[in-house]
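A short write-up of the structure that comes next.
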Amino acid sequence: TYDQTMAKNAGLYRSITVTNPPGTVMNAEFPDAVGNRAAPGRRVADAINGAVLKAQPGLLPAPSGGISTPFALAEYEADGAKRTVQVIQPMRGGMGALEGQDGVDARDNSMNNMQNHPLETVEADSGVLIRRYDLRPDSGGPGKWRGGVGQVITAEILRDGSTVLARGMERLRFPSFGVFGGKPGKTVRAFLNRGREGERELSKIDQLPVKAGDQVTFLMPGGGGYGDPYLRDPAKVLGDVDLGFVSSKAAARDYGVVIKGRAIDEAATKKLRHGRVKANVRADFDFGPEREAWERVFDDVTMCDLNRRLFELPRSVRYETRRCVFEFAVPNLPRSGGAPSLTNILSDDSAARARLRKAMDAILGSRKSRCSTA
């Protein structure tokens with residue numbers, strides 16, 4: 001049992017053994033790249049959370065939004081002679097819900113301790129105007145206890161020749177999972193000139209060239225929900241709507257709570273909740289339809305085989321070879337979490353599995369790195 005009164009001590013950890021072979025993602029060796037070193041740590045934390053929750057439900061929260069994205073801007077000063085780099089904001093997702101408690105909004109203390117920057121200081125020190133800095137409604141995973149919502153920011157660029165940096169953009173395709181009936185949070189999204197002429201949805205950003213007048217928007221992911229959202233107290237749902245954490249539309253869709261004006265429609269809520277199909281409520285974890293579609297093709301056995309074959313290749317060609325295999329198996333694979341969705345692309349999972357096997361045998365069968373299946 002877990003004793004809340006027991007102080008942490010060395011004896012608690014004596015029974016824990018960690019196997020971490022050199023050269024793997026959690027034990028990198030020169031010349032492996034480690035610039036985005038926080039990303040694999042977050043995924044390991046999610047996996048450990050899931051394993052512990054299966055063994056001891058209620059002990060840990062659902063996973064957080066799962067990313068930490070420093071939104072930075074590299075720009076030339078007014079004289080055009082000196083280039084500077086400023087962190088506009090360290091963007092955060094929401095924390096996962098815990099049994100008996102909602103996730104904390106726009107905070108993620110899982111692997112960071114950074115604070116946000118006052119907007120007045122940001123605008124004084126950088127060539128940007130902050131057009132919006134707010135919470136992202138409906139990003140927290142629905143649940144009896146709601147996942148924390150993420151942040152949203154829109155910054156307008158004031159100087160030509162600038163470059164946006166936003167490394168660490170995980171959770172573009174697969175959201176933080178919901179726990180014991182809870183639903184997943186929303187994935188991260190990013191846009192250039194959202195809602196304006198030339199709008200473009202962005203994928204992972206290394207360096208994004210921007211010019212004066214461009215607007216960059218980041219919508220951060222939410223934490224996973226905990227418990228059946230239809231068991232959430234309608235008064236709490238109404239409070240979420242009043243505070244802007246949940247929209248009225250999502251209150252009805254995700255929680256079965258109908259809100260008219262600033263009040264609960266009791267009769268409509270009772271009817272909606274009573275008529276729900278409970279088959280959609282997961283007993284353990286809800287990873288979302290895109291990840292479930294993906295894993296019907298890229299299952300554990302296949303991925304272990306793929307990784308084993310990749311490890312037989314020189315390090316310098318593993319990434320490119322892996323990309324070739326994936327793109328042959330899923331020809332229309334989007335580079336971000338936007339349309340088209342994986343659920344549509346992988347609707348014929350049998351055909352996708354056949355293409356994957358063909359690609360693995362053709363590209364990796366002879367232990368050569370060639371983007372060809374001829």
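The values are calculated or read from the model by the stated rules, or taken from the named source; none is laboratory data. Not measured: the values here are computed from a predicted model. Methodologically, a virtual Cβ is constructed for each residue, glycine included, from the backbone with ideal geometry; neighbour enumeration extends over all protein chains shown. In case anyone asks, the SASA skips ligands and DNA or RNA and just uses the protein heavy atoms, side chains included. Shrake-Rupley method; radii C 1.70, N 1.55, O 1.52, S 1.80 Å.
For Ala78, work out the one condition from (1) surrounded by fewer than 16 Cβ atoms within 10 Å (Cβ to Cβ); (2) in contact with a Gly (Cβ under 8 Å, 6 or more places away or on another chain); (3) of a type in the set (Gly, Ala, Ser) it doesn't fulfil.
(2)
Among the residues of the stretch 180-191, are any closer than 30 Å to Glu77 by Cα and either out of contact with any Leu (no Cβ under 7 Å at 6 or more places or on another chain) or among the charged types (D, E, K, R) (or both)?
As a first pass, look at the stretch 180-191 and keep what is closer than 30 Å to Glu77 by Cα: 189-191.
Filter once more, keeping what is either out of contact with any Leu (no Cβ under 7 Å at 6 or more places or on another chain) or among the charged types (D, E, K, R) (or both): 189.
Yes, some residue in the stretch 180-191 is closer than 30 Å to Glu77 by Cα and either out of contact with any Leu (no Cβ under 7 Å at 6 or more places or on another chain) or among the charged types (D, E, K, R) (or both).
Report, by residue number, each residue of the stretch 299-325 that is buried (at least 16 other Cβ atoms within 10 Å of the Cβ) and not β-branched (Val, Ile, Thr). Talk me through it step by step, then tell me what you get.
Initially, the stretch 299-325 is screened for residues buried (at least 16 other Cβ atoms within 10 Å of the Cβ), giving 302, 306, 309-310, 313, 318, 321-322, 324-325.
Selection gives Leu306, Arg309, Leu310, Leu313, Arg318, Arg322, Cys324.
Which residue pairs have Cβ atoms closer than 9 Å, lie 6 or more positions apart in sequence or on different chains, and pair a first residue in the stretch 7-23 that is among the small types (Gly, Ala, Ser) with a second residue that is not in a helix (DSSP H, G or I)?
Taking only residues 6 or more apart or on different chains, the pairs are Gly23/Glu29; Gly23/Asp32.
Suppose we filter Gly96, Gly35, Gly65 for residues that are in contact with a Pro (Cβ under 8 Å, 6 or more places away or on another chain), closer than 28 Å to Val164 by Cα, part of a loop (DSSP other than H, G, I, E, B) and open to solvent by less than 80 Å² (accessible area, probe 1.4 Å); which single one remains?
Values: Gly96 fails: closer than 28 Å to Val164 by Cα; Gly35 fails: in contact with a Pro (Cβ under 8 Å, 6 or more places away or on another chain).
Matching residue, one of Gly96, Gly35, Gly65: Gly65.
With the requirement that a residue be in a loop (DSSP other than H, G, I, E, B) and either among the polar types (S, T, N, Q) or open to solvent by 60 Å² or more (accessible area, probe 1.4 Å) (or both), what does the stretch 81-93 give you? Spell out the reasoning first.
Initially, the stretch 81-93 is screened for residues in a loop (DSSP other than H, G, I, E, B), giving 81-82, 93.
Correct list: Ala81, Lys82.
I need every pair where a residue in the stretch 26-53 that is closer than 19 Å to Gly96 by Cβ has its Cβ under 8 Å from the Cβ of a residue that is open to solvent by 70 Å² or more (accessible area, probe 1.4 Å) and modelled with pLDDT under 85, sequence separation at least 6 or different chains.
That search, which allows pairs on different chains as well, returns Ala38/Met111; Pro40/Val25; Gly41/Met111; Arg42/Met111; Ala45/Met111.
Whether any residue in the stretch 111-132 is within 22 Å of Leu158 (Cα to Cα), open to solvent by 80 Å² or more (accessible area, probe 1.4 Å) and β-branched (Val, Ile, Thr) is what I want to check.
So far as the stretch 111-132 goes, no, none of its residues is within 22 Å of Leu158 (Cα to Cα), open to solvent by 80 Å² or more (accessible area, probe 1.4 Å) and β-branched (Val, Ile, Thr).
Take the residues of the stretch 286-298 that are within 16 Å of the chain's Cα centre (by Cα) and touching a residue at least 24 places away in the same chain (Cβ under 8 Å): which is most open to solvent (accessible area, probe 1.4 Å)?
Kept after step one, since they are within 16 Å of the chain's Cα centre (by Cα), are these residues of the stretch 286-298: 286-292, 294.
Of the ones still in play, those that are also touching a residue at least 24 places away in the same chain (Cβ under 8 Å) are 286-291, 294.
Numbers: Asp286: 19, Phe287: 45, Gly288: 6, Pro289: 91, Glu290: 31, Arg291: 64, Trp294: 34 Å².
Selected residue: Pro289.
When you scan the stretch 246-260, do you find a residue that is modelled with pLDDT under 95 and open to solvent by less than 80 Å² (accessible area, probe 1.4 Å), even just one?
No, the stretch 246-260 contains no residue that is modelled with pLDDT under 95 and open to solvent by less than 80 Å² (accessible area, probe 1.4 Å).
Residue-wise test of (1) in contact (Cβ under 8 Å) with a residue 12 or more places away in the chain; (2) open to solvent by 40 Å² or more (accessible area, probe 1.4 Å).
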{"position": "Lys183", "(1), (2)": "yes, yes"}
{"position": "Glu199", "(1), (2)": "no, yes"}
{"position": "Ser203", "(1), (2)": "yes, no"}
{"position": "Gln215", "(1), (2)": "yes, no"}
{"position": "Gly223", "(1), (2)": "yes, no"}
{"position": "Gly227", "(1), (2)": "yes, no"}
{"position": "Val237", "(1), (2)": "yes, no"}
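Whether any residue in the stretch 281-299 is β-branched (Val, Ile, Thr), in a helix (DSSP H, G or I) and out of contact with any helix residue (DSSP H, G or I) (no Cβ under 6 Å at 6 or more places or on another chain) is what I want to check. Even if it seems obvious, please write down each step before you answer.
Going through the stretch 281-299, the residues β-branched (Val, Ile, Thr) turn out to be 281, 297.
When the remaining residues are screened for being in a helix (DSSP H, G or I), the result is 297.
Now drop any that are not out of contact with any helix residue (DSSP H, G or I) (no Cβ under 6 Å at 6 or more places or on another chain), which leaves none.
No; the residues of the stretch 281-299 include none that is β-branched (Val, Ile, Thr), in a helix (DSSP H, G or I) and out of contact with any helix residue (DSSP H, G or I) (no Cβ under 6 Å at 6 or more places or on another chain).
What number of residues in the stretch 140-163 are open to solvent by less than 20 Å² (accessible area, probe 1.4 Å), of a type outside the set (Val, Ile, Thr) and assigned to a strand (DSSP E or B)?
Residues in the stretch 140-163 being open to solvent by less than 20 Å² (accessible area, probe 1.4 Å), of a type outside the set (Val, Ile, Thr) and assigned to a strand (DSSP E or B): 3 in total.
Every residue, every condition in (1) modelled with pLDDT under 95; (2) small (Gly, Ala, Ser), yes or no:
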site	(1), (2)
Gly148	no, yes
Ile153	no, no
Gly161	yes, yes
Gly168	yes, yes
Leu172	yes, no
Lys186	no, no
Leu192	no, no
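Every residue, every condition in (1) of a type outside the set (S, T, N, Q); (2) closer than 19 Å to Gly182 by Cβ; (3) touching a His at 6+ places or on another chain (Cβ under 7 Å); (4) at pLDDT below 95, yes or no:
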| position | (1), (2), (3), (4) |
| --- | --- |
| Lys54 | yes, yes, no, yes |
| Gly58 | yes, yes, no, yes |
| Pro70 | yes, no, no, yes |
| Leu73 | yes, no, no, no |
| Ala78 | yes, no, no, yes |
| Val85 | yes, no, no, yes |
